[in-house]
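See below for the structure under consideration.
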Amino acid sequence: MTATDFKYILYISIVCFIFRQVHSLKKEDCEVCFSVLERFSSQLTDKIKSNPQLIEDEFKKFCKSTSNSNNSAKLKDNKFCYYLGGLEESATSILRDLSKPLSYSLPIDKLCERLASKVGGICALRYDKTIDVKTVDLKKLKVRDLKKILSDWDEVCEGCIEKSDFIKRIEELKPKYLREEL
């Protein structure tokens, strides 16, 4: 191997490393996964963290606390548990894909990335945001949030394609749903 070959290999390795760092999963991209795993891993003792089977047992106990709730956030946590196999009624189980990496202290962001590659719906889970329509700048919201505002009002936006269409429809409906208190 010549020095030039070595330089190319080194250059490609550095570019790949930087590219991987730039495109790592962010908390807002997979918020339920991050939230559940941060809460779960923080309650594990060092003894439990070193044994994948104990981690799986503790995760099943953790998931039982998410059941039978009318709380929207708990329902999202429960669905996350269902996807991983932490509930009795789960169709499949990939708890080993959770417990092994946790046992060797894989960071939560990397663990969520791995889980998302195995189960596509994990990062689609989102906690409901409460949006104060009176004070928020609608132009800064995502289309998903604009659709949620309309959905909360039981309204539709016929023919809306662009973000500006949704904003226009919300502005038209604001007087109907937001009354100024005296």
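Examine region 106-125 for a residue that is closer than 30 Å to residue 177 by Cβ, under 17 Å from the mean Cα position of the chain (by Cα) and modelled with pLDDT under 90, and state whether such a residue exists. There is at least one residue in region 106-125 that is closer than 30 Å to residue 177 by Cβ, under 17 Å from the mean Cα position of the chain (by Cα) and modelled with pLDDT under 90. The single condition among (1) surrounded by 11 or more Cβ atoms within 10 Å (Cβ to Cβ); (2) on the phi > 0 side of the Ramachandran plot that residue 154 does not meet is (1).
Return the residue satisfying two criteria in turn: it lies in region 85-144 and is farther than 24 Å from residue 42 by Cα and of a type in the set (A, V, I, L, M), and of such residues it is most open to solvent (accessible area, probe 1.4 Å). The qualifying residue most open to solvent (accessible area, probe 1.4 Å) is 91.
Remark: pairs (first residue in region 130-158, more than 15 Å from residue 175 (Cα to Cα) and in a loop (DSSP other than H, G, I, E, B); second residue basic (Lys, Arg) and open to solvent by less than 100 Å² (accessible area, probe 1.4 Å); Cβ separation under 8 Å; 6+ apart in sequence or on different chains) = 131/148; 157/169. Only one of the numbered conditions (1) more than 22 Å from the chain's Cα centre (by Cα); (2) more than 22 Å from residue 28 (Cβ to Cβ) is not met by residue 92, and that is (1).
Residue by residue, here is whether (1) closer than 23 Å to residue 79 by Cβ; (2) among the basic types (Lys, Arg) holds:
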site	(1), (2)
97	yes, no
100	yes, yes
142	yes, yes
171	no, no
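Filter region 85-97 down to the residues that are hydrophobic (A, V, I, L, M, F, W, C) and touching a helix residue (DSSP H, G or I) at 6+ places or on another chain (Cβ under 6 Å) and list them by number. Even if it seems obvious, please write down each step before you answer.
Going residue by residue through region 85-97, those that are hydrophobic (A, V, I, L, M, F, W, C) are 87, 91, 94-95.
Hits for region 85-97 are 87, 94, 95.
For region 39-71, filtered to residues that are open to solvent by less than 50 Å² (accessible area, probe 1.4 Å) and among the small types (Gly, Ala, Ser), the residue that is farthest from residue 86 (Cα to Cα) is 69.
The values are calculated or read from the model by the stated rules, or taken from the named source; none is laboratory data. Keep in mind the model is a prediction, meaning the values are calculated, not measured. Glycine also receives a Cβ, built like all others from the backbone with ideal geometry; neighbour counts cover every protein chain displayed. In case anyone asks, the SASA skips ligands and DNA or RNA and just uses the protein heavy atoms, side chains included. Shrake-Rupley method; radii C 1.70, N 1.55, O 1.52, S 1.80 Å.
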